[in-house]
1. What do you reckon, is Asp203 farther than 23 Å from His112 by Cβ and touching a Gly at 6+ places or on another chain (Cβ under 8 Å)?
2. Filter region 319-340 for residues that are assigned to a loop (DSSP other than H, G, I, E, B) and within 27 Å of Ala274 (Cβ to Cβ); which is most open to solvent (accessible area, probe 1.4 Å)?
3. For region 45-76, give me each residue that is within 26 Å of Ser227 (Cβ to Cβ) and among the small types (Gly, Ala, Ser).
4. Tell me the residue from Arg406, Arg312 that is assigned to a loop (DSSP other than H, G, I, E, B), at pLDDT 95 or above and more than 23 Å from Thr160 (Cα to Cα), please.
5. Select, from Asp99, Asp88, Asp79, Asp67, the only residue that is farther than 29 Å from Glu429 by Cα and either modelled with pLDDT of 95 or more or over 19 Å from the mean Cα position of the chain (by Cα) (or both).
6. Pairs only if they're at least six apart or on different chains, beta carbon under 8 angstrom, first in region 301-318 and open to solvent by less than 50 Å² (accessible area, probe 1.4 Å), second of a type in the set (Lys, Arg); list them, first residue then second.
7. Across region 157-189, what is the number of residues that are in contact with a helix residue (DSSP H, G or I) (Cβ under 7 Å, 6 or more places away or on another chain) and either open to solvent by 30 Å² or more (accessible area, probe 1.4 Å) or among the aliphatic types (A, V, I, L, M) (or both)?
8. Restricting to region 110-142, and then to whatever is in contact with a Pro (Cβ under 9 Å, 6 or more places away or on another chain) and open to solvent by 10 Å² or more (accessible area, probe 1.4 Å), can you tell me which residue is farthest from Trp210 (Cα to Cα)?
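The values are calculated or read from the model by the stated rules, or taken from the named source; none is laboratory data. On a predicted model such as this, the values are computed, not experimentally measured, just so you know. As a convention, Cβ positions derive from the backbone with ideal geometry for all residues, glycine included, and neighbour counts pool all protein chains shown. Side chains included, ligands, DNA and RNA excluded: accessible areas come from the protein's heavy atoms. Shrake-Rupley method; radii C 1.70, N 1.55, O 1.52, S 1.80 Å.
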Amino acid sequence: MSSEINRREFLQRAAIVTVGAWVAGGAAVARKVSPNEKLNIGVIGVANQGNYSLENVKSENIVALCDINDDYLAAAAKDLPGAKLYNDFRKMLERDDIDAVTVATTDHTHFHAAYTALESGKHVYCEKPLTHTVAEARRLAETAKRRKRVTQMGTQIHATANYRRVVEAIQGGAIGAVTESHHWAAADWSGQGRVIETPPCPDTIHWDLWLGPAAERPYSPAYIPGSWRGWWAFGGGGLADMACHHMDLGFWALDLKRPTSVWTEGPDVDPETAPHWTVAHYEFPARGSKPPVKLTWYNGAKRPAYFEEKGRMPEWGNGSLFVGEKGMLLADYDHFVLLPEGDFKAYEAPKHSIPDSIGHHAEWISACKTGAKTTCNFDYSGALTEAVNLANVSYRSGKKIDWDARNLKAKGAPEADAFIHPTYRKGWEI
């Protein structure tokens, strides 16, 4: 391990350093990089999804790697001997020679890593969901705009040709004006209540740094490496995990941004862990000549009622269904079909109006150098993440949320505030 790492020193610092101090010494202006130069990139989170990001930015100059797991760091560093290694992203982000960072940590630390990077003048690619809470998503979008940084949320399916063709078909009027949008995934990230078994933490894992802004609790292998999504302290269950991928298609095709209300069904609420299933009912206002839309999200074993009528719908897995005045469009990641199929035998797809993507990470890298706008920048993806997280606010508070988007308030439901605005552990305040 590099001398940049001193785990005991970092653990001591984490208890006393505030976020304000982290960003104060960072570079305020990003370095100008020509299209023929390579970006200096720092990678926060290097295993699993983090490794996917790392592989997709290796065309650039990887100068720093950060992870709370020393074994993950050692594995990633084998092919990148010139990269300095860190356990604490705050320390890494103090460097002024990093142009851009990727963030692939747990949901509850997305905001802290991305916000600190933006405030220190760095461009940011952050995995979905963009943040753990509604208020964090708004603040991150506002910070990216104020700092004029290039951003992208890691909803890689957005870059596929199929999503582009669906958007073109919907916006081209293939099924007429759309009034319903349904999106679903079988994802079930449910926990089992408060963890009881808490064995000693391995020396290679920096548990205090993994907790980050979350309240203190003992280490347990029940949380990491992958099951943390089932606990409210760290994730948002199957809804937060997958809705950004599937609702993205509805937001893009229908030009959605802020819902006026959301009501979420599910099993009895557990204060510690996410449920096996949810069904979230959103209402979105008219947008110009486009009518209001009712959007519904389903996860776990739930799907739209249209599938209950035998033979009416193809037996597809996860996907999206748009209901318009002329028919329906059913889509998944790779295909789409107009229904009833017999009514659309003469359908001719419109000419492509949305260029094919050069790749989700490649789009971001190029934009960092040219100043171009990415398709999933934090203005777009921040609004999407707000809506996704708002469904969990409704579920956990047990209230239908009549949403005051301007003021981030659930009208007449003060009990929702605790789930809209985060509370951070001492030393991690922003």
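1. In short, no.
2. Tyr333
3. Gly45, Ala47, Gly50, Ser53, Ala74, Ala75, Ala76
4. After ruling out the rest, the residue left standing is Arg406.
5. After ruling out the rest, the residue left standing is Asp79.
6. Tyr306/Arg312
7. Qualifying residue count for the region: 11.
8. Result: Ala135.
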